[in-house]
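Engineer: To start, I am sharing the structure in question, which I have written as structure tokens.
The values are calculated or read from the model by the stated rules, or taken from the named source; none is laboratory data. A quick note: this is a predicted structure, and the numbers were derived from the prediction, not measured. Cβ coordinates were reconstructed from backbone atoms using ideal geometry, including for glycine residues, and neighbour counts include every protein chain displayed.
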């Protein structure tokens, strides 16, 4: 039943040009994850970090969904909950309509279809395994014979642009950051997944190397028909790679929509401010005024109602009283702002 | 901006080699850099290009036992490389001060922000504790920290990332330095906070007439703050010029590559980013010629044989490349696409 509400909420599949609604590949329904803060001698918890607080979205086959937001907005926690690396307090994740960890979709089968690449290319590889062994490890666990797994690892190394004759026997410390991230991508591909979650996967790379890895990701996506969730703080890179973008603020979805619509006509004041913080690259068009003052508030004790109301120049009393729901604001475009919701009581909302 | 006749900081032929490892690493190789009074230069480069090593050399922060420093660094006519003892202590902080990337690591966690600023002031000036405290308050006000009296008593961990970086800037400016060195001061910050800190630094630089070197890996940050940009690659400055010259008419193939490599605007279906092939060189095994030659599309035999000397293109635009005749027309095609 949760899946139905998700379907009706986000029917405009990214590039679904046809009339038939596309079935989502991966769905997140009302995910909540709070982390208790333990303090004092007895380790009592007296506060919680509301890292993810009611996040709902769908991922459609073949698209790249970008997730952007500032530190503490919950984008990485969302990724970890999606991957089942941490259990949500409530809400659920569905792959093709089935929940992982149930008889109809074991966790192992789920993980072979959803893989993840992390920011720290070094920490995510076992330093005592050669890169070939690291890539072959997953397939052997999933029942592929040793020789076949190694053959697959070599083919993947070649595919991500690392000559297996030179690189197969190397250890992670013998590679550059860009090469290591290619190994991590090859490893993520080893189980032939459908979805890859990239959590700041290119953020630690130098710009000249980042472009190579972005191109590789695009090539792989087209060839293998992958679906990506691309999490990044780099708004330029997300604009380049994503079909749809989800903007998060303090554990909630502020806005989600097609990349162009969002970047050229974002409806949430936070989206506008965040995108307004992108620098122009034009010495004659320098930024003269910061779009927002101060830092994002602490997710331990987030503001009531719309969490952005403390920094929003359009905030009215309704904003601190009531949490705005995601409301249609365009084709496949949803915004959680009282100004977009007719009848919310905000003076800028259509009555 | 025509202050080059009397630069406040003049670096000539700076070469820094680090020992200690299996092979000596040449982190800087013949860096020449002149900073005019009231000028802001951005040192732009990727990891390992030598931008932070250059900054640290100016403050003499490299461990003397494991590093060999050649060439000269002159600040207001004084040879920095020969400073010792009290003179060096006074130089650090009073003449030249620095803002680091991670204020949480640069500040002392067991003292309040007020105590740290007060201590810095009293190290350099003979003033009473009360006066030093007044200065600390003045500094926090200067960097636009809300309710500064209350913040004087705050510990670094009690502040948000943006506030901490403001406090770090206050600390660096408390002893009224003439030159401010900033090492990726906004890299660890969120986008909406980064803009605030960049604007603050730009305003303070103008108000106080500071001369500034700003290290960054992000071209768009350099464009926001700098008068001139110096692009570094493998320990050498490969291109310098005004921000406009470097951004609009880059002439070194590496700069051209960096600018075209940036994801900018939306992507058309099937479109790929122009990417510089390969990866930055190993500083312990630099090629004999131009360090960029192995990745350069237009490298010739000469490029692999010897290191190019700077070529002056006029207006202070200098490029270390043998092939500048080939790069002159690369520009129009590379100008970032205008997106509205």
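Engineer: For segment B:259-275, indicate whether the set of residues that are surrounded by fewer than 18 Cβ atoms within 10 Å (Cβ to Cβ) and assigned to a strand (DSSP E or B) is non-empty.
Structural biologist: no
Engineer: Criterion first (out of contact with any helix residue (DSSP H, G or I) (no Cβ under 7 Å at 6 or more places or on another chain), closer than 25 Å to residue A:77 by Cα and within 11 Å of chain B (Cβ to nearest Cβ)) does residue A:210 satisfy it?
Structural biologist: yes
Engineer: Need pairs with beta-carbon distance below 6 Å; first residue within 11 Å of chain A (Cβ to nearest Cβ) and farther than 13 Å from residue B:109 by Cα and within segment B:152-173, second part of a helix (DSSP H, G or I) and at pLDDT 95 or above; sequence gap 6+ or separate chains.
Structural biologist: B:165/B:197
Engineer: Which residues, taken from segment B:225-237, are within 13 Å of chain A (Cβ to nearest Cβ) and either farther than 21 Å from residue A:284 by Cα or in a helix (DSSP H, G or I) (or both)?
Structural biologist: Within segment B:225-237, B:225, B:232, B:233, B:234 qualify.
Engineer: So, one more: Listed residues A:171, A:228; which is modelled with pLDDT of 95 or more and either crowded, with 22+ Cβ neighbours inside 10 Å or touching a helix residue (DSSP H, G or I) at 6+ places or on another chain (Cβ under 6 Å) (or both)?
Structural biologist: After ruling out the rest, the residue left standing is A:228.
Engineer: Taking the condition more than 22 Å from residue B:251 (Cα to Cα) and within 11 Å of the chain's Cα centre (by Cα), does residue B:222 pass?
Structural biologist: Answer is no for this residue.
Engineer: Would you confirm whether any residue within segment A:74-81 is within 23 Å of residue A:335 (Cα to Cα), more than 14 Å from chain B (Cβ to nearest Cβ), in contact (Cβ under 8 Å) with a residue 12 or more places away in the chain and touching a helix residue (DSSP H, G or I) at 6+ places or on another chain (Cβ under 7 Å)?
Structural biologist: No, segment A:74-81 contains no residue that is within 23 Å of residue A:335 (Cα to Cα), more than 14 Å from chain B (Cβ to nearest Cβ), in contact (Cβ under 8 Å) with a residue 12 or more places away in the chain and touching a helix residue (DSSP H, G or I) at 6+ places or on another chain (Cβ under 7 Å).
Engineer: Which residues, counting only those in segment B:238-256, are assigned to a helix (DSSP H, G or I) and in contact with a helix residue (DSSP H, G or I) (Cβ under 9 Å, 6 or more places away or on another chain)?
Structural biologist: Answer for segment B:238-256, where residues must be assigned to a helix (DSSP H, G or I) and in contact with a helix residue (DSSP H, G or I) (Cβ under 9 Å, 6 or more places away or on another chain): B:243, B:246, B:247, B:248, B:253, B:254, B:255, B:256.
Engineer: Restricting attention to segment A:277-319, which residues are crowded, with 19+ Cβ neighbours inside 10 Å, over 20 Å from residue A:73 (Cβ atoms) and either under 25 Å from the mean Cα position of the chain (by Cα) or more than 9 Å from every other protein chain (Cβ to nearest Cβ) (or both)?
Structural biologist: Those that are crowded, with 19+ Cβ neighbours inside 10 Å, over 20 Å from residue A:73 (Cβ atoms) and either under 25 Å from the mean Cα position of the chain (by Cα) or more than 9 Å from every other protein chain (Cβ to nearest Cβ) (or both): A:279, A:318.
Engineer: Separate question: Provide a single number: the residues in segment A:187-207 that are within 14 Å of chain B (Cβ to nearest Cβ) and assigned to a helix (DSSP H, G or I).
Structural biologist: Here the count works out to 1.
Engineer: Answer with yes or no whether residue B:253 is over 28 Å from residue B:80 (Cβ atoms), more than 10 Å from chain A (Cβ to nearest Cβ) and crowded, with 21+ Cβ neighbours inside 10 Å.
Structural biologist: Taking the combined requirement at face value, the residue satisfies it.
Engineer: Still on this structure: Going by the structure shown, is residue B:273 at pLDDT 85 or above and more than 9 Å from chain A (Cβ to nearest Cβ)?
Structural biologist: It is false that residue B:273 is at pLDDT 85 or above and more than 9 Å from chain A (Cβ to nearest Cβ).
Engineer: Of the residues that make up segment B:67-88, is at least one in contact (Cβ under 8 Å) with a residue 60 or more places away in the chain, surrounded by 20 or more Cβ atoms within 10 Å (Cβ to Cβ) and in a loop (DSSP other than H, G, I, E, B)?
Structural biologist: no
Residues are listed down the side, and each one gets a yes or a no for (1) modelled with pLDDT of 95 or more; (2) assigned to a helix (DSSP H, G or I); (3) buried (at least 20 other Cβ atoms within 10 Å of the Cβ):
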position	(1), (2), (3)
B:140	yes, yes, yes
B:166	yes, yes, yes
B:169	yes, yes, yes
B:181	yes, no, yes
B:189	no, no, yes
B:197	yes, yes, yes
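Engineer: Let me ask something additional. Taking only segment A:246-261 into account, find how many residues are within 11 Å of chain B (Cβ to nearest Cβ) and in contact with a helix residue (DSSP H, G or I) (Cβ under 7 Å, 6 or more places away or on another chain).
Structural biologist: So the count comes out to 2.
Engineer: So, residue A:122, is that one within 14 Å of chain B (Cβ to nearest Cβ) and at pLDDT 95 or above or not?
Structural biologist: For residue A:122, the condition - within 14 Å of chain B (Cβ to nearest Cβ) and at pLDDT 95 or above - is not met.
Engineer: Condition test on residue B:227, is it touching a strand residue (DSSP E or B) at 6+ places or on another chain (Cβ under 7 Å) and either in contact (Cβ under 8 Å) with a residue 40 or more places away in the chain or surrounded by fewer than 18 Cβ atoms within 10 Å (Cβ to Cβ) (or both)?
Structural biologist: yes
Engineer: What tally of residues in segment B:292-319 results from selecting those that are under 21 Å from residue B:26 (Cα atoms) and out of contact with any helix residue (DSSP H, G or I) (no Cβ under 9 Å at 6 or more places or on another chain)?
Structural biologist: Count: 5.
Engineer: Across segment A:213-225, which residue is surrounded by the fewest Cβ atoms within 10 Å (Cβ to Cβ) among those that are free of Cβ contacts under 8 Å to residues at least 40 places away in the same chain and away from every other protein chain (no Cβ under 11 Å)?
Structural biologist: Result: A:223.
Engineer: Does any residue of segment A:128-136 turn out to be in a loop (DSSP other than H, G, I, E, B), within 14 Å of chain B (Cβ to nearest Cβ), farther than 21 Å from residue A:79 by Cβ and in contact (Cβ under 8 Å) with a residue 24 or more places away in the chain?
Structural biologist: No; the residues of segment A:128-136 include none that is in a loop (DSSP other than H, G, I, E, B), within 14 Å of chain B (Cβ to nearest Cβ), farther than 21 Å from residue A:79 by Cβ and in contact (Cβ under 8 Å) with a residue 24 or more places away in the chain.
Engineer: Here is a follow-up. Restricting to segment B:203-224, what's the tally of residues that are more than 8 Å from chain A (Cβ to nearest Cβ) and part of a helix (DSSP H, G or I)?
Structural biologist: Going through segment B:203-224 one residue at a time, the tally reaches 7.
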